[in-house]
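Enquirer: Let me begin by handing over the structure; questions about it come next.
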Amino acid sequence: MKRSTHPSRGFTLIELLVVIAIIGILIAVAIPTYTGVVDKARIADTRASFSKWASALNKYQVDKGYFPPFLLEEREGMPVILGRDNQQEHNSFIAALKGRMWNTDTQRWAKLEGDLLKQNNKREDYCGELTEDDFGVDGFLADAWGGTSIHVLVDADNDDLIELDGNALNDIKDALRNDYDRDVIDRAEEKIKVIRQKVAIYVLHDESGELGTRNVFSWDIHKYLEAEE
């Protein structure tokens, strides 16, 4: 049997460049798709946590007739911000929801005592279990990207709505420009400045890009914006 005397044909430079170009196109398509899927999952997880926390605050208010004292120190419409830079507010929030004290350093529970007892004097648990999905790696409550700047608003005057303070409204509008055109936001302003809930919890787009936090709201703000598109 004769062996072929023709050498095997290799790829030409042009063919290799075509293959590389195709791979590049596939990567360019796949990465945004993957990122979008991950972001949608994180938005859903964050909203689920916010819904649980808001439900706990509503239970607190029904039981006691008022919201946790630390949430009533500012005028209605000005959010209380939890997080690493506001540890007292963060600790008070957990005390109100759980009736226990959370140590962010050891990440362990302790008996509620001292000034924090003012937030939940009967040590009632209104929230149920707080899991690792609720906390970031450093022991603070966090969104699904790891951000801890969580904004909390409550209906202090018991009229079933919260009108945003001007600064809070502007911050939300600025963040929404990452998702909507400016004119859409401006047309929806009168509707988005009034939250028809007794509790509202939200995080805003991470402008620094360090964490990637997206806009997430415990109430349906998007229906007003989508109606104006």
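Enquirer: What residue, among those in the range 140-192 that are without any contact (Cβ under 8 Å) to a residue 60 or more places away in the chain and among the aromatic types (Phe, Trp, Tyr), is farthest from Trp219 (Cα to Cα)?
Expert: My answer is Phe140.
Enquirer: Being modelled with pLDDT of 95 or more, of a type outside the set (Asp, Glu) and surrounded by fewer than 19 Cβ atoms within 10 Å (Cβ to Cβ) is the filter here; which residues of the range 117-134 pass it?
Expert: Leu117, Lys118, Asn121, Lys122, Arg123
Enquirer: Quick check on the range 158-168. Is at least one of its residues at pLDDT 95 or above, hydrophobic (A, V, I, L, M, F, W, C) and over 23 Å from Glu189 (Cβ atoms)?
Expert: Within the range 158-168, not a single residue is at pLDDT 95 or above, hydrophobic (A, V, I, L, M, F, W, C) and over 23 Å from Glu189 (Cβ atoms).
Enquirer: If you scan the range 44-79, which residues turn out to be of a type in the set (Phe, Trp, Tyr) and either touching a helix residue (DSSP H, G or I) at 6+ places or on another chain (Cβ under 9 Å) or not in a helix (DSSP H, G or I) (or both)?
Expert: Trp53, Tyr60, Tyr66, Phe67, Phe70
The values are calculated or read from the model by the stated rules, or taken from the named source; none is laboratory data. A quick note: this is a predicted structure, and the numbers were derived from the prediction, not measured. So basically every Cβ, Gly included, is an ideal-geometry build from the backbone, and we count neighbours across all protein chains shown.
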